[in-house]
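Colleague: Have a look at this one before I ask anything.
The values are calculated or read from the model by the stated rules, or taken from the named source; none is laboratory data. Note that the coordinates shown come from a computational prediction; the quantities given were computed from them, not determined experimentally. Glycine gets a Cβ as well: all are built from the backbone with ideal geometry, and neighbour counts include every protein chain shown. Ligands, DNA and RNA are stripped out before the accessible areas are found, and what is left, the full protein with its side chains, is counted by its heavy atoms. Shrake-Rupley method; radii C 1.70, N 1.55, O 1.52, S 1.80 Å.
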Amino acid sequence: MSCPVSPKLDFGGTTPYEDYVHASVLHTLQQQWSKDPREMSFLVITQVMELYFGLLCFEWRQAQTELRADDLRAAVRTLRRSDLHLQALSAAWRPIARMTPTEFNSFRDALGEGSGFQSGMYREMEFLLGEKSASMLVPHRAVPAMHDQLEKSLALPSLYDDVLAALKRKGFDIPQSVLDRDLTKAYEPSAEVEQVWATIYRGDDRELLELGEALTDIAEEFARWRYDHLLATRRSMGSKVGTGGSAGVAWLEKRTQRAVFPELWTARSHV
């Protein structure tokens with residue numbers, strides 16, 4: 001049977017691609033509020049970032065499901081895939097970071113009080129990484145569905161909580177006080193957890209080593225995203241007050257000092 005030499009062109013009304021991707025809907029979501037052509041670049045990149053935030057949350061919830069089933073191999077595959085998404089997310093800063101202050105200011109007023117600080121999906125991503133704070137719910141009160149989702153996520157285990165629970169089930173001495181902690185609070189480092197990771201890194205269990213390295217890759221790439229955000233902001237607007245009234249560079253500098261999955265970094269000193 002011979003293969004067709006040209007693609008099918010007529011699908012009658014719509015196309016399978018449109019039905020699956022909804023591209024025509026996506027391309028109606030960019031609504032410029034200024035006449036500056038650079039705003040379109042900023043708007044599309046911001047929307048792409050939002051899509052990646054949602055994708056990362058999806059992947060990390062999938063990894064949680066696999067961890068709870070003690071399928072560490074599958075969880076590592078999912079975590080590795082999410083690290084590639086984080087790399088793409090970080091790359092999205094480059095066009096914004098190359099805007100001069102004058103270019104950014106040409107459409108900045110159109111943002112009004114809008115700020116990435118108000119992104120509910122980014123906040124969900126932070127919560128999944130253990131960066132929790134009840135005060136971060138406040139900006140989302142005006143969007144009840146998002147506020148309710150974040151309030152729920154605040155009280156649920158983070159990705160790292162599920163990792164530590166899986167290690168406990170494998171016989172490692174994870175303190176019960178760490179597993180039973182107040183999940184609405186930011187994760188704080190534990191000397192006992194640090195020793196567990198040091199033991200894993202001294203050992204030869206490839207599955208556990210791969211888990212540790214996959215998590216470290218995510219922590220490193222997330223830190224890089226935060227730092228690139230800081231640099232892009234510093235380059236485009238200096239130390240001005242951020243859009244939405246945030247402290248701008250000062251706030252971002254503070255956030256870059258926090259590391260997720262902290263014991264994975266400090267345990268290396270004991271190996």
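For every residue, the table says whether it meets (1) under 22 Å from the mean Cα position of the chain (by Cα); (2) in contact (Cβ under 8 Å) with a residue 40 or more places away in the chain.
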| position | (1), (2) |
| --- | --- |
| 32 | no, yes |
| 41 | yes, yes |
| 51 | yes, no |
| 58 | yes, no |
| 85 | yes, no |
| 109 | no, yes |
| 124 | yes, yes |
| 137 | yes, no |
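Colleague: Please specify each residue of the range 166-186 satisfying the condition of being open to solvent by 20 Å² or more (accessible area, probe 1.4 Å) and in a loop (DSSP other than H, G, I, E, B).
Modeller: Within the range 166-186, 170, 171, 172, 173, 175, 180, 181, 182, 183, 184, 185, 186 qualify.
Colleague: Would you be able to tell me the number of residues in the range 1-28 that are open to solvent by less than 90 Å² (accessible area, probe 1.4 Å) and within 21 Å of residue 93 (Cα to Cα)?
Modeller: The qualifying residues number 1.
Colleague: So, one more: Could you tell me which residue of the range 108-141 is most open to solvent (accessible area, probe 1.4 Å), considering only residues that are part of a loop (DSSP other than H, G, I, E, B) and modelled with pLDDT of 85 or more?
Modeller: 141
Residue by residue, here is whether (1) closer than 18 Å to residue 133 by Cβ; (2) open to solvent by 20 Å² or more (accessible area, probe 1.4 Å); (3) modelled with pLDDT under 95 holds:
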{"position": "162", "(1), (2), (3)": "no, no, no"}
{"position": "208", "(1), (2), (3)": "no, no, no"}
{"position": "241", "(1), (2), (3)": "no, yes, yes"}
{"position": "257", "(1), (2), (3)": "yes, yes, yes"}
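Colleague: If you don't mind, another one. How about the range 213-234: which of its residues are under 17 Å from residue 81 (Cβ atoms) and either open to solvent by less than 10 Å² (accessible area, probe 1.4 Å) or in contact with a helix residue (DSSP H, G or I) (Cβ under 6 Å, 6 or more places away or on another chain) (or both)?
Modeller: Answer for the range 213-234, where residues must be under 17 Å from residue 81 (Cβ atoms) and either open to solvent by less than 10 Å² (accessible area, probe 1.4 Å) or in contact with a helix residue (DSSP H, G or I) (Cβ under 6 Å, 6 or more places away or on another chain) (or both): 214, 215, 216, 217, 218, 219, 221, 222, 225.
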